[in-house]
Every structure is written in C-alpha cells, then in structure tokens.
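Read-outs throughout are calculated quantities, based only on the coordinates presented, and are distinct from any laboratory measurement. This is a predicted model, so every value here is computed, not measured. Here the Cβ positions follow ideal geometry from the backbone for every residue, glycine too, while neighbour counts run over all protein chains shown.
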Amino acid sequence: MPTVFDFERPISELETKIEELKQFSAEKGLDLKHEIEVLAERAATLKKTIYGDLSPWQKVLIARHPDRLGSRDYIESFCSEFIELHGDRAFGDDPAVIGGIGRMNGYVVTVVGHQKGRDTKENLARNFGMIHPEGCRKVLRLARQAEKFQRPLICLIDTPGAHCGIGAEERGQAEAIARNISALSTLRVPIVVVVIGEGGSGGALALGIGDRLLMQEHAVFSVSSPEACASILWKDAGRAREAAEVLKMTAQDLLSLGVIDEIVPEPLGGVHRDPGQAVEMLRESLFRNLDELCRMDLEQLLQARYHKYRTIGNL
C-alpha cells in the first residue's frame, strides 16, 4: 500500500474514486467521462490548495517519504556510466554512503551520497542513511581522488544525521565530520551539493560543503531533526511539529537566510508523485550549475567558496 499522510487523505480519496469510476466504466461499457473529469478537476484544485501551503512539519514528512528517490536513483538517471567504489582504506566500508566515478553531462565526475533503504531489511543494512566515521572517510578519500584527477565533485544529501552509537564515537565520528568540512572547504575542484531529502545535522555537513548548495523544494536541512530538537529543548519529542517551525529547516526559509543558493522545484505533491519529472527538474538545475562552475577559473572558484561561507549569517 502506498504511504498516504493525513493531510493527503482528501486527495487520496478523490483519486481512489476516479479509479473506481474508470474501472466501472470499462467493465459496464458506460460513458462516465463527464463525472470523471469533474472529479479530476476537483482533485487538481485540492492538490494545488494543499501542496501550495505545506507547513514545515508536512515538508518533513514528504522529505521522509519511503518512495522518494534516493542517491542511487539519481546517479543511475544522470550518469551514462558509473563505477561504485568502496571502503575508507582505514577501517571498512559504510553502506550508508555510496560513491564512485561516473560520466555526467560530458564530464567525468565523482559522486557521493547518503543512501537509505527501500524496506526494513535494506534500511537496517544501510543504517537508515546514518553515516559512520568510515563513511565520512570514504567520502574524504573519494574527494581527494577527485582533486588529484581534477574531477568535479557531486554530493547528494539524504540523512537523518550521523550515527551516534558508541562504536562510531570510539572511531572518531566528530573528528571525521570536522575533517571533511575542513577538506571540502579548500578542495581544488568544483563542488555541487544537493539536498534531496533530509539534511540532518553533522551527517549532512560531512557532505555539505560546496560551491553551490541546492535543495529540492520539499527537502529539509537543519542542525537537528524536529524530534531531537523537541526532546532537547522541551523534553517532549511529541512537540516535533512545533520544533519544525522553529528550526527554519525548509528550502524556502534557508534560501531567505542565504544558507542555500537555489531551490529545485518538485512535481506537485513531491518527488514520489512523479519521479520521472523530478529527475528532469533536478537534471536541469544540477547540470546548469555544474557547467557554470567548471567554466570558472580555479582561484576565483576557491575565493568565491571562501566568501560564500564567510558571509553566511550576515543578514
């Protein structure tokens, strides 16, 4: 069964009714075209009304939708060839992060991204997209390799946050995230970062430094998940809806604050409602920004990156 959120139920009920009428019309040989068109118009109007005024919490739910496209989906769509690389050459591999070399829009690029699972079994294998220290170091290894061979770097963010287990802390989680931030800040190749779902805390920052930071329309990006924020501030995870408002975590909020550079539109209702259209929308934005950065002089690129992060927060 497809996931339907409470605020989407009126739309879902209309769509179900439309499908029932179509099936009944086909089975009985009746002409119900007018009735179907009336319901379709009503559903279209309702979609615009509901999806045009989503609350921050509703955007969090859409960003977490189980049918939302992940990093692997976009890599397979954008790259004519892709070779996945594994391991950090220090401890092991991290299935929560995928990365490798691909051909994209005429460029040979390095791509890294968080990867969640499609079902419970895969989510457990990929740790729900929560990066370990070895995942951070795998990203750093591939970033250094990209710099060595002068390949642009594409980073796709979709994580609730970095893994916070004892083992991760023992293996230097905080140091690994900090080292990535430091290294990406001065990496001598163009970097495009795209938040494609959740952008949570240090797990996002480990891949989140670049020359252009793009966010899909219903993605979220913040210092903490709403549930964690509510637990810390008010000792009540049930106030997550309120925390989502306070965190200013939507693409629209972050663009107005100067944290991100561009909002990538999504199909009406979110990526999961029309994955094919979502791929094309992101393709246009990603390839355009990649072209612009690759044409820039390297020293100007690095200076612009430095200026970008020095001026975030200057309102």
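The value for the chain of Rg(Cα) / (2.2 N^0.38 Å) is 1.07.
Rounded to two decimals, what is the ratio between the C-alpha radius of gyration of the stretch 210-267 and 2.2 N^0.38 Å?
Values: Rg = 12.7 Å, N = 58, 2.2 N^0.38 = 10.3 Å.
Rounded to two decimals, the normalised Rg is 1.23.
For Val97, the residues whose modelled amide H falls within less than 5 Å of its own, excluding neighbours fewer than 5 places apart on the same chain, are Gln115. Pairs of Lys residues in the stretch 1-112 are counted when their Cα atoms are under 21 angstrom apart and they lie 8 or more places apart or on different chains; the count is 9. Note on the stretch 148-257: semi-axes of the ellipsoid equivalent to its C-alpha gyration tensor, largest first and rounded to whole Å, are 26, 19, 9.
Dividing the Cα radius of gyration of the stretch 202-311 by its Kirkwood radius returns 1.04 for Rg/Rh.
Across all directions, the average flat footprint of the convex hull enclosing the Cα atoms of the stretch 2-121 is 12.3 nm².
Efficiency by 1/(1 + (r/R0)^6): what FRET value for Phe287 and Arg72, r their Cβ-Cβ distance, R0 = 25 Å, to the nearest 0.05?
Working: r = 19 Å, r/R0 = 0.75.
With a Förster radius of 25 Å, E is 0.85.
Spin-label model, Glu35/Glu13: points 7 Å from Cα along the beta carbon direction are separated by 1.8 nm. Sorted largest first, the principal axis extents computed over the alpha-carbon atoms of the stretch 6-53 equal 40, 19, 8 Å.
If the viscosity is 1.306 mPa s and the temperature 10 °C, what translational diffusion coefficient in µm²/s does Stokes-Einstein give for the stretch 60-134 when Rh comes from Kirkwood over Cα pairs?
Values: Rh = 13.2 Å.
Once the numbers are plugged in, D ends up at 120 µm²/s.
Over the stretch 258-304, the reciprocal of the mean inverse Cα-Cα separation, the Kirkwood hydrodynamic radius, stands at 12.4 Å. State, to one decimal in nm, how far the label point of Ser80 lies from the label point of Asp236, with both points 7 Å from Cα in the Cβ direction. About 5.8 nm, to one decimal. If only the Cβ of Lys and Arg carry +1 and only the Cβ of Asp and Glu carry -1, the dipole of the chain around its Cα centre is close to 920 debye.
Work out how much length Glu280 to Phe149 would gain on full extension: take 0.36 nm times their residue separation and subtract the Cα-Cα distance, in nm to one decimal. List each step's numbers first, then the result.
Details: separation 131, 0.36 × 131 = 47.16 nm, distance 2.84 nm.
Extra length from Glu280 to Phe149 when fully extended: 44.3 nm.
The HN-Hα couplings worked out from phi for the stretch 42-58 by the Karplus form 6.51 cos²θ - 1.76 cosθ + 1.60 (θ = phi - 60°) are 5, 5, 5, 5, 5, 4, 4, 5, 6, 6, x, 9, 6, 7, x, 5, 5 Hz, whole numbers, x standing for Gly and Pro. The alpha-carbon atoms of the stretch 105-148, seen along their principal axes, cover 37, 27, 9 angstrom, with the largest extent given first. Subtracting the Cα-Cα distance from 0.36 nm times the residue separation, let me have the gained length for Arg64 to Glu245 in nm, one decimal. Stretched fully, the Arg64-Glu245 segment lengthens by 63.5 nm.
Taking the DSSP beta bridges with both ends in the chain, the antiparallel portion is around 40 percent.
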